[in-house]
1. Mean Kyte-Doolittle of at least 0.0 and a Cα length of 20 Å or more along the axis: which whole DSSP H helices of chain B meet both?
2. Can you return the aspartates and glutamates within cross-link range of A:Lys89? Criterion is Cα-Cα under 14 Å, with same-chain partners fewer than 8 residues away left out.
3. Report relative contact order for chain B in percent, whole number only (criteria: Cα-Cα under 8 Å, sequence separation at least 6).
4. I need the shape label for region B:162-232. Rule: rounded when a/c is under 1.5, else prolate if a/b > b/c, else oblate, with a, b, c from the alpha carbon gyration tensor.
5. Relative contact order for region B:424-526 using alpha-carbon pairs under 8 Å, separation at least 6, rounded to a whole percent?
6. On average, how many beta carbons from a partner chain sit within 10 Å of the beta carbon of a residue in A:85-94?
7. So, in Å, what gap is there between the alpha-carbon centers of region A:118-185 and region B:110-147?
8. Please determine, in degrees from 0 to 90 and to the nearest 10, the orientation of helix A:304-332 with respect to the longest principal axis defined by the Cα atoms of chain A, where the helix direction is its Cα long axis.
Amino acid sequence: MPLQVFFLRRLLLTIPLLVGITLFSFIIANAVPSDPVSANIPQNAFDNEEIIAAFRAKWGLDKPPHEQYLTYLGNLLRGDLGVSIKTSKPVLEDIRQFLPATVELAGFAILIGMALGIGTGIVSAVWRNSIADYLTRGYVVIGVSFPIFVLALIGLNVLHVQWGIVAGPGRLDFIIRDPPAVTGLFMVDAAIAGQWDKFANAFSHIILPAFVLGSFVAGIIARITRSSMLEVLGMDYIRTARSHGLRERRVVIRHALSNAMIPIVTVIGLSTANLMTGAVLIESIFAWPGIGRYAFRAATSQDFPAIMGVSILIASIYVMVNFLVDILYYFLDPRIRVA
Amino acid sequence: MRKSILFVLAVALVLLAGFGAAAQDEKVLVIGHTEQTDFYDPANGFTGTTSMVRRATYDTLVTFPDEDASEILPSLATSWSVSDDGLSYNFTLDDTPRFNNGDSVTAEDVAFSLLRLKYVNGNPSFLADNIDSAVANEDGTVTVNLSSVRPTFVTELANTAFSITNADVVRANGGTDGMDAAETDGAADYLNQNSAGTGPYQLESWAPQDETVLVRNPHYVGDAPYFDRILIVNIPEAATQKAALESGQIDIATDLTPDQIVELEGNMDINIWSGPGQWNHFLIMNADPEIGGPVSDPKVWLAVRLAIDYEGFLELWPGSTTPGTVMNIFLAGAFQADRALSRDLDRSRALLAEAGYPDGFDIDLKYPDWNAFGVDMNINAQKIQADLAEAGIRVNLAPGEFGVALEEYRLGNAGFGYWLWGPDINDPVDVLAFVPGGKVATERLRFTEERAPAEILELRDAVKQESDPMRRAELFEQIQLWLQESGNFAPFLYPPTQTALRSGISGYNWHPQWVMDVALISRDEM
């Protein structure tokens, strides 16, 4: 199948998916047996009909649900995600404010996760049943099963408070002003502005939360890498490569790893999407103003426009990551090109 | 070789961690806080964070002392008078304060601010319900006419929702005080990012759920505050606030749990400010037999109050006190711990038997699964379960998600529950929410006027009209005695407010109206 057709087919499939997500989020948000009025209006104003009516009218809650939904879809087509009840700002503006922090954190975390996970996975598979293998397997079990918030709190209290070798909560020391906004990624923006002290400060702040998130992902990647590599290393073509006298490093990296990559890429893709959307705990513990924390606040305060906006964003991230993974498959596995 | 690489890495990390921490000329105060801001616009916002910021950026006509809400003091109004019929108030204004753009405060600004609050139908607009008109007089005074007598009117004016804004600036940014302001006012966006007041600071920026930045008001006429910039940083996790405070990243942590406060007590770098809190924790009992079942019986109400181990709650939450009634303890005339009920299990069991429950009964306790400002409501609910079991009441704990539980409570459908209350009005009249006809007693718990004895209704009506302080105090005394004996609430815990500060920070004081006044805070010079 030509790449363009493959690309187009994947792209078209995302449209009904996104519409379905908006409908699903709308139904779930409306099915919760509580009212945005209670979540957003002070108790003493509950019996003031004018205030309640003004609130409902302002947020369109006085209209029947189907009308609310259709209005939302209409606005969505014009690129308008509505205004957040909690922040009083357009949801799109909120997403622009909060998403870069999450992208920066998740990007760093996935790099750490890949480096640790793929590295230990290869070592574990190549030297199977060695001490390195047992250590890796132990690490995988701990990495995957250890509660991430406990690791975060231990890291914060020991590495930041007690030893002072990493910076604490926030994206920068609180007294430092943000670098001039270009991408919203502080390290990138600081580098663009040539503010290297801010770059270093941002790096020192991201390292701990990214390592905590990355260590969890690394466990999963290591497990998949190990099993996938073990399978490939047992293949005839590996034996053939070795019998041709190729150096072991070349056999492992060039011939084994490249053929073991499909499941690893899948896991990395899913992990990236998970990190981008599910880092609520880490963002809360590290006072990281990202989209996870925004989504949590939206859900607990019945902020419908924000809930819908974040749902669409999360769905889009999953769709995009899956799409990228599919494209990678296309290049990694020639059989997909033929199918 | 490997050791040296590790050493270099460790040194690099330490250096990086220290970057940016270099001394700077600007004096900055960093407050770690769980942000609850809805709006910074005075006419629309009504949360603790909002009050704190408005206290720093605006002034009101009258105010409270720095430490508490014990009396009314002049602020933008130097004096005021009330007409004989109690319906008309006249305020004389101080002509020295300047808005943050240099403009003087006029009677027109005052009238505009009060009417905008009334008509915009924002979260705090209920406070201005009773205002019929606000008129800027030619002599520079302001007359406010009320639609009915309200002895607490001047007290309520100290609420930061009544902040006086610069009418010209607000109008220029879409604001209006017209009767159609709910539909036509568009100044909230501007006032969420800028202030237009006379306070010692002005709002520089607000990144919702992230950070609020205040800088000095260049035209402030009072004593200049110590700090150049105030950063209010949203740190929702108490454990993170504690870590940031211990490492010196923040100067003040407002939301630590009692356990964390105890952990910090030996730390020489940190001081703990402790004082009366704001939240009264109590059980609610629905007066409608169909909803409340056994807890709709007045005898059971008292039996429940007498079954609670009040001393045990004080041990559970160090620094707490036992509330005398549902009236918050810092309100004038409120019963303190020395007048609180004590546990009397024999009398409690006898009352249950009189009510027809000699073997007790089973009941669900509904409450939000929530950490209420450092107090885990689940822990208290478990203790209530254990305490009432000793009297024969078998409680089944039924926690719910906050919004869901609040909705059930708000609609009056909760039979037996656990909630808390902080007053919106710093006047004893706030307690009327808990007597029949009041917001909580009737709307939430169906204790209607028809179900209530005439005695309490007469007391309630009398105190609403009474402006003589001595007579008011007597009436509130009788109302509290009635609540102790016959009310459908069981208040059991009043936790303290505890704030952790870096040593060297002084001038901090928790305030029931505006949380803290950042303009009074300073740092001891080395």
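1. Numbers: long enough: B:2-18 (24 Å, 2.04); B:377-391 (21 Å, -0.20); B:469-486 (25 Å, -0.61).
Span-like helices, by this rule, are B:2-18.
2. A:Asp80, A:Asp303, B:Asp38, B:Asp41, B:Asp189, B:Asp210
3. RCO, chain B: 19 percent.
4. It comes out oblate by the Cα gyration axes.
5. With pairs under 8 Å counted, the relative contact order is 18 percent.
6. 4
7. 56 Å
8. 20 degrees
The values are calculated or read from the model by the stated rules, or taken from the named source; none is laboratory data. This structure is a prediction, so every number in the text was calculated from the model and none was measured. Counting neighbours? That spans all protein chains shown, and the Cβs are built from the backbone with ideal geometry, glycine included. Quick note on the areas: whole protein, heavy atoms, side chains included, nothing else; ligands and nucleic acids left out. Shrake-Rupley method; radii C 1.70, N 1.55, O 1.52, S 1.80 Å.
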